[in-house]
Amino acid sequence: MNRISEHDRNTKRRGPLNRPTHVGFARNPLCGDEVWLDLDVVGDAIRQARFHGQGGVVSQACASMLCEGIEGKPVDDVLASTAEEVMDFAIRELTINRQRCALTAWDALLRALLGANSNSVRGLPACHVEAATERGSPDPVAKPP
């Protein structure tokens, strides 16, 4: 929980990017957490990542951890990782409901990188977490096959 507290107080990655190349949005329908993830992808690497939205401490702190964990990394490496590896945080230590909160930013990341919202502008219909699951997004905690 110390890592969550640290990122809850840290606001340097909070706020939208001026001209993101990729945008992802996810909403946790269980508690109403919302995370927008703005990425600046140059070549095959994530140059900058910022988040904004609303929700509880867990979702917002994990969005901060996610941004920290993906900046400067190749997109393929990020997609081959798990949420726990990228965030450097043991999500499984949280209760089941809090795990869903912690993974809201991961769902936004997948939407941004896998094309659901790439090169889009704000104001489009919201993408919901349950839609990402229906689409067959990978288990964020397990290694891909």
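The values are calculated or read from the model by the stated rules, or taken from the named source; none is laboratory data. Everything numeric here is computed off the predicted structure, so don't read it as measured data. Backbone-built Cβ (ideal geometry, glycine too); neighbour counts: all protein chains shown.
Restricting attention to segment 37-82, which residues are part of a strand (DSSP E or B) and either among the small types (G, A, S) or surrounded by fewer than 23 Cβ atoms within 10 Å (Cβ to Cβ) (or both)?
D40, V41, V42, A45, R47, Q48, A49, R50, H52, G53, Q54, P74
Could you check how many residues of segment 97-141 are at pLDDT 90 or above and either of a type in the set (G, A, S) or over 16 Å from I4 (Cα atoms) (or both)?
Residues meeting the conditions: 10.
Could you tell me which residue of segment 24-59 is farthest from E71 (Cα to Cα), considering only residues that are among the aliphatic types (A, V, I, L, M) and in contact with a strand residue (DSSP E or B) (Cβ under 6 Å, 6 or more places away or on another chain)?
A26
So how many residues does segment 102-116 have that are outside any helix (DSSP H, G or I) and either closer than 13 Å to L79 by Cα or not aliphatic (A, V, I, L, M) (or both)?
The number of residues fulfilling the criteria is 2.
Could you list, in sequence order, the residues of segment 68-83 that are over 13 Å from D107 (Cα atoms), out of contact with any strand residue (DSSP E or B) (no Cβ under 7 Å at 6 or more places or on another chain) and either in contact (Cβ under 8 Å) with a residue 24 or more places away in the chain or among the hydrophobic types (A, V, I, L, M, F, W, C) (or both)?
Listed by number, the residues that qualify are E68, D76, A80.
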